[in-house]
């Protein structure tokens, strides 16, 4: 089993490298336009798009609009929550992008006028674009879960945007007495990082098992099926049988309301009081997407899967977590690859070429213990503009694998994180 799996994974990753190479056409293959290219959002998608736009079109003006001086990465932030990693290890700046000739504007984009092709800035002024790439990530649907608003998040943190919320949840776990109850509420799909709640649950359970052995984690889930479910259930049964309980929708696990004052989460049939509550609420595309007119009634952004252009607004492209790109999941891996391919397609369009069908992929690693991980890989086509899964490509880590396989995947996860952050933000 071990020998069958690891070469397969290497071949998948080799294929992904080939996919990335498709987006690495030499810059001289494109017309050297002086177009004004604006990117909003400095995460894995937006920072990648800005870097590759400047690589492909060095004479173009590339502007990245991002209000934060540094980006806190969501991948690996669950290790911070479990006390296994420092929050500073998640922090990445933009000096490397500036050095590449990209103008980084440290302001918030507050509006988009597609008719005038302008982005309004919170501090006044505006950026004019010929092509706009939006990578706004997610926003919380405040109030979609009864009782959960911005004030509630300071008591029952979601920690679904890395940074202060990550630290807050970590501090609450540290302050909780041994014997306490941690309750996590997991939302219905779609949401950022489908396996994220279950990796987090694994690592919180590890913290409880090793530091507060009389405490317990209860997951209340709005669904019965989730990413890598067989692998997580296997790991939980092996490592955390006394410290983690999962209840799906069929077992009345869907949370319908919360009360921060009493630290209560309510399902259709039960009120549960928590000592620490991690409420992962319903989500939508970042607010600027709605203001730009590229989000539909679902709150997410439809896209042409060929070039990530919005069918709702001309000359605007949307990438990353904000998109409706299923079956491709909302993940850092997806956003990074989408940023590369979107930049390539924009370069083709500005050079008078048609967008080109490509192959996309996603690999997502999840820690189940501090030194063991599982993964899922998908490969996708976009012929005709609709993302579709490539049958027979990708797959899950094997069930029942020996410890060295899980440890190898944890090492692969670390290598992936180091590689992607160096590529996007600079080494």
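Since every read-out is calculated from the coordinates, none of them should be taken as a lab result. Since this is a predicted model, take the numbers as computed values, not measurements. Note: ideal-geometry Cβ built from the backbone for every residue, glycine included; neighbour counts use all protein chains shown.
Beta-bridge orientation, the chain: approximately 50 percent antiparallel, per DSSP, counting only bridges with both partners inside.
Ordered by the number of other Cβ atoms lying within 10 Å of each residue's own Cβ, fewest first, 419, 264, 55, 323 fall into the sequence 419, 264, 55, 323. For residue 142 and residue 86, the FRET efficiency from 1/(1 + (r/R0)^6), where r spans their Cβ atoms and R0 equals 25 Å, is about 0.25. DSSP finds beta bridges in the range 152-279, and of those with both partners inside it, around 35 percent are antiparallel.
Which of the three applies to the range 152-279, rounded, prolate or oblate, going by the alpha-carbon gyration tensor with a ≥ b ≥ c and a/c under 1.5 meaning rounded? Judged from the Cα gyration tensor, the range 152-279 comes out rounded (a/c under 1.5).
What distance in nm lies between label points placed 7 Å from Cα along the C-beta direction at residue 256 and residue 399? Those two pseudo-labels are separated by 3.3 nm. Computed extension length for residue 315-residue 287: 8.2 nm, one decimal, from 0.36 nm per residue of separation with the Cα-Cα distance subtracted. Taking the centroid of alpha carbons for each part, the range 141-159 and the range 331-409 are 31 Å apart. With the Cα gyration tensor of the range 43-103 giving a ≥ b ≥ c as the square roots of its eigenvalues, does the rule (a/c under 1.5 for rounded; else a/b larger than b/c for prolate; else oblate) give rounded, prolate or oblate? Prolate.
Placing pseudo-labels 7 Å out from each Cα toward the beta carbon at residue 178 and residue 268 gives an inter-label distance of 4.0 nm. Note on residue 415/residue 34: beta-carbon distance plugged into 1/(1 + (r/R0)^6) with R0 of 41 Å gives a FRET efficiency of 0.60.
Rounded to the nearest 10 degrees, the inclination of helix 44-56 to the longest alpha-carbon principal axis of the chain is 20 degrees.
Sorted on the mean count of surrounding Cβ atoms within 10 Å across their residues, most packed first, peptides 392-399, 39-46 read 39-46, 392-399. Peptides 324-334, 304-314 ordered by packing proxy, namely the average of other Cβ atoms within 10 Å per residue, highest first: 324-334, 304-314. The packing ranking of peptides 270-276, 151-157, highest mean first, is 151-157, 270-276, where packing means the average number of other beta carbon atoms within 10 angstrom of each residue. Only helices enter this figure: runs of n ≥ 4 DSSP H residues, each worth -39500 (n - 2.57), summed and divided by the residues of the chain, yield -9500 deg cm²/dmol at 222 nm to the nearest 500. A simple spin-label model places the labels of residue 224 and residue 422 4.6 nm from each other, with each point 7 Å out along Cα-to-Cβ.
Straightening the chain between residue 116 and residue 210 buys 28.0 nm, computed as 0.36 nm per residue apart minus the Cα-Cα spacing.
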